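Structure first, commentary second.
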Amino acid sequence: MNSKPVSNASVWLFLSCTLFLACLFFETVILDSHAYQNPHRGIIMLLFGILGILGGQFHWFANPLLFSTWIAINGGRKYSGILCGGLSLCIALTVIGCTKMVFDINGAQDTKIVGLAVGYWLWVLSIAFAMIGAISMKAVPRRSDVLAGTGASTIERNGFVKILVNLPNRSKIGAESMWAKDLGAGNYQIKNIPFCAYGLNLEDIVFAKTLPGGTTPVIQNLVEANGHKTLRVLFIDDGTKAEHIETIKSLKTSHIKFERNDSGQYALDVAPGGDFNGLLNSLEELELKLILKIEMCGARIEGSFDDSLAVSLLQ
């Protein structure tokens, strides 16, 4: 597979984590008098800073918000990362206006703060870099938006007909249309890679019928699975469409094909005999570099091709 540089977000994430680890070993605040006996290094502030809430100081909560920013960046959630990072940075900067520490490790209370040390500024930079990383990410559309396209097939349509699969738990989609070959007696063979449905794959045979008031056959059940497997991919890095296509093409073999929809999502089909695990491993390497996100496409609800209601409500 062709090598591809890591995304800007992953670089900022790495820098943020590095600075945070560094700040743990440096003094964060300079306290009056006896405080110099036990410098308040970052690790001490991380472990015991939550005690500040006893005196109405909430600076420690910038830490879990920072950790949430990291998680959001790793999960490709741009706006969650910006929100958590912004809140974390605002809370961290309020330390500048503090004149005393409510509780310190030497047992004193209301100790005067006479200055901010290197550890504090490394901490602030760590939060700022995490926020920059979130801002630099490409926004990942909600799944309902990503999957809204019908996934126009590159397969020749002559002789094929449109069929539908209802997705009632996905209110913004409702249904997905597919090209299929009419085999007669209500049976159809799917001829493009599904972009929305779960548990359906290229070349599967389904039973479909036209419902009252409708004009397009609607899939009722799977008749025969023909051994194909589907993976869906959405790029979240700063690469161009051409670069993304080249990345996908580099994964192709005689048993692997792909389609792309208008939302920039790719559906990959692995035919029987293809190396599904090898393809998945290659994609997971790119996912770890925050280049793309992978979606597994096996059935999620028994007897249905829909997503679970619990998941769809969170979209």
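What does the C-alpha gyration tensor say about the overall shape of the range 8-136? Classify as rounded when a/c is under 1.5, otherwise prolate if a/b is larger than b/c, or oblate.
Values: a/c = 2.62, a/b = 2.01, b/c = 1.31.
Judged from the Cα gyration tensor, the range 8-136 comes out prolate (a/c at least 1.5, a/b above b/c).
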*Ranking Ile173, Ile91, Ile73 by Cβ neighbours within 10 Å, fewest first, what do you get?*
Ile91, Ile173, Ile73
*Decide, for the range 144-313, between rounded, prolate and oblate: order the square roots of the alpha carbon gyration tensor eigenvalues as a ≥ b ≥ c, take rounded if a/c falls under 1.5, and otherwise choose prolate if a/b is larger than b/c, else oblate.*
prolate
*Enumerate the amide H contacts of Phe26 below 5 Å, restricted to partners 5 or more residues apart or on another chain; note that Pro and chain-start residues carry no placed amide H.*
Gly42, Ile43
*Short version: ³J(HN,Hα) in whole Hz for each residue of the range 183-195, in order, from phi by Karplus 6.51 cos²θ - 1.76 cosθ + 1.60 (θ = phi - 60°), x for Gly and Pro, what are they?*
9, x, 6, x, 9, 9, 10, 5, 10, 9, 6, x, 10
*Whichever lysines have a C-alpha closer than 19 Å to that of Lys112, once near sequence neighbours (fewer than 8 apart) are set aside*: Lys100
*Qualifying lysines (Cα of each under 23 Å from Cα of Lys241; at least 8 residues distant if same chain)*: Lys4, Lys78, Lys138, Lys249, Lys252, Lys257, Lys289, Lys293
*Formal net charge of residues neighbouring Gly75 (Cβ-Cβ distance under 12 Å; K, R +1; D, E -1)*: +2
*Give the order of Phe235, Phe48, Phe61 when sorted by the count of other beta carbons within 10 angstrom, beginning with the fewest.*
Phe48, Phe61, Phe235
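Based on other C-beta atoms within 10 Å, arrange Trp123, Trp179 from fewest to most.
Details: Trp123 28, Trp179 21.
Ranked by crowding around the Cβ, least crowded first: Trp179, Trp123.
May I ask for the net charge around Gly119, where only other residues with Cβ less than 11 Å from the Cβ of Gly119 are counted and Lys, Arg are +1 while Asp, Glu are -1? Mind showing how you got there, number by number?
Working: positive: Arg41; negative: Glu27.
Every neighbour counted, the sum reads 0.
Rule-based calculations on the coordinates, nothing more; no lab input. If you're wondering where the values come from, they're calculated on a predicted model, not measured in any experiment. Every residue, glycine as well, gets a Cβ built from its backbone with ideal geometry; the counts of neighbours run over all protein chains shown.
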